[in-house]
Amino acid sequence: MSLRCLYKIDSKYKTENLKKISEYVEKASKINVSQMLPVVGENAFRHESGIHVDGLLKFPFTYQTYSPEMVGQKMKLIIGKMSGKSAIKGKLDEYKIKATESDTDEILKQVKFFAERRKSALLDKEFIEIAHNVIKKEAFVLVEILPKQRQKVYNEIGEISDIEAYEVAGDVDIIVKTTQKSADIIVGKINEIEGVTKTTTYGVVKRL
């Protein structure tokens, strides 16, 4: 790699296969390769620290002397207690998850909380779950309607998109499930329906 990167000498060897060769030797010899090993180690191109990741995302060669792909690796952002906002945005982009600035701040806050509590970084699937929970926080709208106009209201609420609506028995007539982001818009549409007498909205804090 020194010959290739420092002296621009292109050897006959395909360095892109180094990671695969390392894995083959590891399997054949039954000797584990250290995760901290340069070039082929699992942690060779993993990054977590906030300032570190921010620099990498702006200019990868800030902390990497060559592209990970040159040795069959990939750069990986580790999400944990040391992560900053840039890492969160980078990971959201990686999974094509759209989030507002306030959502990103909340995701970062929850990531740090869970990582600190478990004393380790989060798996990608755990990060995705946190992101989706923040972005798609649920809200429930309780709807009361005039008895004589129940069926009419049922039909009109049933035509509203991106909600789940349930006819219920009790003090209210309908329970509508939506997201906290959409709640105000949905409530506005419901209140415009003739026969609706009252709506009450509850935002979900967390699942028990």
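The values are calculated or read from the model by the stated rules, or taken from the named source; none is laboratory data. It should be emphasised that the depicted structure is a prediction, and the values quoted were computed from it without experimental measurement. Don't worry about glycine lacking a Cβ; one is built from the backbone with ideal geometry, like all the others, and counts go over all protein chains shown.
If you check 20, 85, 76, which single one turns out to be more than 30 Å from residue 181 (Cα to Cα) and either in contact with a helix residue (DSSP H, G or I) (Cβ under 8 Å, 6 or more places away or on another chain) or surrounded by fewer than 16 Cβ atoms within 10 Å (Cβ to Cβ) (or both)? Reasoning before the result, please.
Numbers: 85 fails: more than 30 Å from residue 181 (Cα to Cα); 76 fails: either in contact with a helix residue (DSSP H, G or I) (Cβ under 8 Å, 6 or more places away or on another chain) or surrounded by fewer than 16 Cβ atoms within 10 Å (Cβ to Cβ) (or both).
Only one candidate qualifies: 20.
Those helices (runs of 4 or more DSSP H) of segment 109-208 in which 3 or more residues are in contact with a Gly (Cβ under 9 Å, 6 or more places away or on another chain) and without any contact (Cβ under 8 Å) to a residue 60 or more places away in the chain occupy 150-158.
Can you confirm whether residue 159 is of a type outside the set (A, V, I, L, M, F, W, C) and more than 30 Å from residue 104 (Cα to Cα)?
Details: of a type outside the set (A, V, I, L, M, F, W, C): yes; more than 30 Å from residue 104 (Cα to Cα): yes.
Yes: the conditions hold for residue 159.
If the condition is being modelled with pLDDT of 85 or more and either among the aromatic types (Phe, Trp, Tyr) or out of contact with any Ser or Thr (no Cβ under 7 Å at 6 or more places or on another chain) (or both), then segment 65-79 contributes 66, 67, 68, 69, 72, 73, 74, 75, 76, 77, 78, 79.
Give the residue that is farthest from the chain's Cα centre (by Cα), with candidates limited to residues of segment 59-108 that are assigned to a helix (DSSP H, G or I) and polar (S, T, N, Q). Show your work before the answer.
Taking segment 59-108 first, the residues assigned to a helix (DSSP H, G or I) are 60-62, 68-71, 85-94, 101-108.
From what's left, polar (S, T, N, Q): 62, 86, 102, 104.
Numbers: 62: 25, 86: 13, 102: 14, 104: 9 Å.
Among those residues, the one meeting the criterion is 62.
How many residues, within segment 1-37, are basic (Lys, Arg) and closer than 17 Å to residue 75 by Cα?
Counting residues in segment 1-37 that are basic (Lys, Arg) and closer than 17 Å to residue 75 by Cα gives 2.
Counting only residues that are surrounded by 16 or more Cβ atoms within 10 Å (Cβ to Cβ) and closer than 13 Å to residue 145 by Cβ, segment 173-208 holds 9 of them. May I ask you to verify whether residue 54 is without any contact (Cβ under 8 Å) to a residue 12 or more places away in the chain, of a type in the set (Asp, Glu) and either over 28 Å from residue 122 (Cβ atoms) or surrounded by 10 or more Cβ atoms within 10 Å (Cβ to Cβ) (or both)? No.
Checked against (1) closer than 9 Å to residue 81 by Cα; (2) in contact with a Leu (Cβ under 8 Å, 6 or more places away or on another chain), residue 121 meets all criteria but (2).
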